[in-house]
Amino acid sequence: MNFITEHYLSILIFLPVLLILPILLAPEGKDGRNIHILGIGGAALLFVYSSLAWMGLVNPVAEVIPWIPSLGITYSLGTDGLTMTLVYLTTFLLLMSAIASFTSIHKRLKLYYSMLFVLTTAVLGVFLARDMFLFFLFWELELIPMYLLIAIWGGPRRDYASVKFVLYTLFGSVFLVAGTLALYLHARSLPGADMTTLFQFQSIQNAIGQNLPLTAQVLIFIALFTTFAVKLPVVPVHTWLPDAHVEAPTPISMMLAGILLKMGAYGMLRFGFEFLPDAARVLAPYIAVLAVINIVYTAGVALVQTDLKKLIAYSSVSHMGFVLLGLAALNAIGFNGAVFVMFAHGLVSAALFMCVGTLYNRTHTRAIADYGGFGTQTPVIFYFFLFMSMASLGLPLLVSFASETLVFYGAFVSKAFQTIPFFGSQIELSIQGLTFIAGLGVVIGAAYLLWMLKRVFFGPIQARWTSLPDATSSEVFVLLTLTLLVMAFGLYPSLITSEFEPDVTAIADKHYADLNAQNVALQKPTLKSLLSTHSTGAKQ
């Protein structure tokens, strides 16, 4: 057990790669059944292993091994509540995606599961890396398997969507390299700097606090923010995502929405708001504006979509805007709300894409006009789609309501800014005003989801659809599991918030305590008391 404790993080990252070997050596069997079973079994093993820390059976320790000392690069891994929350989400959704693959993926199965596991290794490496060079390597590694998963198993326009994904990601990576090198060179220029650990997060963070001009901090923040904005994504660098979602197979859409977008949000919080707090204060008004644009504009775009999967894709972009709004609040409630939205969005968006996939597997069309009356033909799919749509639009006692409520509250009590500087003048628009505008996104969200449900599941059904089968056992298992979690974390948010709240609150208290202190007169409740109140209301 000592070996597992000391190397828990490394095993967690590279276990998916090791699981590829039995998949490659096994005979495919009838219809590739053996490969599906091994893929699902491997994903289940990884989820169980990652859960050892959550159950308290393993206490992960940091791993630091010199790698390229002359350049200050180390193999450095570490964890905290924020990281482990995203790790649990990653391994869980991998398992759900593997089960969903049973009915969605039918060709080149060995390569498919190999790429899916390599993708998982890259994502886990991004979350667990504590060296910026190592972080960059894992960040870029994710590009290869995702490109292949879309390009090989995607829809008719898969080549266009996969190349667009690569180009947008590489565009963002240029700014990641620039920002990382700027921080590295600054750290290297300081007297007494340890030249063997310059890329480590702690070394970078310490260096930022030593004579790095505010202008330089702002420019570096903008560079890093641009990288993560592409991945989140943020308008106007969001157009790659709907195309990727539409062409990707259902399990990959689940991973894309549930996990990959969270890489961008994680990077913003970790490198922007934690490492560069002074720059975050300067740029918070503009980030809040981008958040509102993300929420309202993409919700409006979703409203006019005629493609069912593209509608859910734009809905996904809209909801990620709440993460930006929570971060722009610069307080503990907003930060925790942002992380909670990341987790909630991972569950709900994965379920919605699974629902779309169940319909597409039967009809091979995504045009909403081709549907109608499916509520009587596929009632099980209808009930799950209805439930997840209600969760997405923020129905009380479900997980999205709890998470987005924290974001709205954090923004309303925030003192991050009262005006927005604009070319030498001040626009009289506070974060509270922007939050009110962002509320329109919830209203529009209800409109496009309810309208979509009406067109797909109600009314007369076309003759060609009168013999469609309902959900299979594997589809029911995935959707039922996600449904139970959406309910559980909505009724008792502290089941997951207790994991990340101490560390996320510490970031806000360390860097933005003076802003939070100004809110004392408001008698602001703590996150724990807010969640306790929500749970109490649920019981009643």
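The values are calculated or read from the model by the stated rules, or taken from the named source; none is laboratory data. No experiment lies behind these values; they were computed from the predicted model shown. Positions of Cβ are backbone-derived with ideal geometry, glycine not excepted, and every protein chain shown enters the neighbour counts. Ligands, DNA and RNA are excluded from the accessible area calculation, which covers all protein heavy atoms including side chains. Shrake-Rupley method; radii C 1.70, N 1.55, O 1.52, S 1.80 Å.
Of note:
- Rounded if a/c under 1.5, otherwise prolate or oblate - the stretch 265-370, Cα gyration tensor axes: prolate
- Summary of the geometry: the stretch 1-49 and the stretch 110-167, compared by the centres of their Cα atoms, lie 18 Å apart.
- Stretched out straight at 0.36 nm per residue, the stretch from Val177 to Ser425 would grow longer than its current Cα-Cα span by 85.9 nm.
- Residue-span extension gain [Glu140 to Asn206] - 0.36 nm each, minus C-alpha spacing: 21.2 nm
- Taking the Cα centre of the stretch 63-153 as origin and assigning +1 to Lys and Arg Cβ atoms and -1 to Asp and Glu Cβ atoms, the resulting dipole is close to 440 debye.
- Sites count as exposed loop sites when they are GluC sites (Glu not before Pro), lie in a DSSP loop, and have at most 15 other Cβ atoms within 10 angstrom; the longest stretch of the chain without one is 29-427.
- The chain - percent relative contact order, Cα under 8 Å, separation 6 or more: 15
- For Met320, neighbours were defined as the other residues whose beta-carbon sits under 12 Å from its Cβ, and their charges (Lys and Arg +1, Asp and Glu -1) total +1.
- Mean shadow area of the stretch 301-356, taken as a quarter of the surface of its Cα convex hull (nm²): 3.8
- Shape of the stretch 361-492, Cα gyration tensor, a/c cut at 1.5: prolate
- Per DSSP, loop trypsin sites (Lys or Arg not before Pro) in the stretch 104-135 with at most 15 further Cβ within 10 Å: Lys107, Arg108
- Annotation: His36 carries an accessible surface of approximately 10 Å², with a 1.4 Å probe and no ligand, DNA or RNA atoms counted.
- Over the stretch 188-254, the fraction of Cα-Cα pairs per 10 Å bin, rounded to whole percents and listed from the shortest bin up, is 17, 31, 22, 19, 11, 0.
- Unit charges on C-beta of K, R, D, E only; dipole of the stretch 40-197, Debye: 620
- The share of alpha-carbon pairs in the stretch 20-77 lying farther apart than 17 Å comes to 62%.
- Using the Cβ-Cβ distance between Leu52 and Asp31 with R0 set to 35 Å, the FRET efficiency works out to roughly 0.55.
- Pairwise Cα distances in the stretch 70-176 exceed 21 Å for 44 percent of all pairs.
- Whole-Å distance, taken between Cα centres, linking the stretch 281-351 and the stretch 361-414: 15
- Percent RCO, i.e. relative contact order, over the stretch 236-331, from Cα pairs under 8 Å lying at least 6 residues apart: 35
- Translational diffusion coefficient (Stokes-Einstein; Kirkwood radius from C-alpha pairs) of the chain at 25 °C, 0.890 mPa s, in µm²/s: 104
- Screening the chain for whole DSSP H helices with an alpha carbon extent of at least 30 angstrom along the helix axis and a mean Kyte-Doolittle hydropathy of at least 0.5 yields 33-54, 81-104, 158-189, 277-303, 308-328, 332-363, 431-457.
- Across the stretch 15-94, the mean sequence separation of Cα contacts (distance under 8 Å, 6 or more residues apart), normalised by length, yields a relative contact order of 23 percent.
- Global geometry of the stretch 199-238, whether rounded, prolate or oblate, following the gyration tensor of its Cα atoms and the 1.5 cut on a/c: oblate
- Excluding ligands, DNA and RNA, the accessible surface per residue across the stretch 78-179 is 29 Å² with a 1.4 Å probe.
- With the simple spin-label model, which puts each label point 7 Å out from Cα in the Cβ direction, the Met487 to His7 separation comes to 4.3 nm.
- To put it simply, the accessible area of the chain at a 1.4 Å probe is 69 percent carbon and sulfur.
- Ile461, Ile222, Ile99, ranked by accessible area, largest first (probe 1.4 Å): Ile222, Ile461, Ile99
- Per-pair calculated FRET efficiency, R0 = 30 Å: Ile437 and Asp278 via Cβ, rounded to 0.05: 0.65
- Rounded to the nearest 20 debye, dipole of the stretch 370-498 from Cβ charges on Lys, Arg, Asp, Glu: 120
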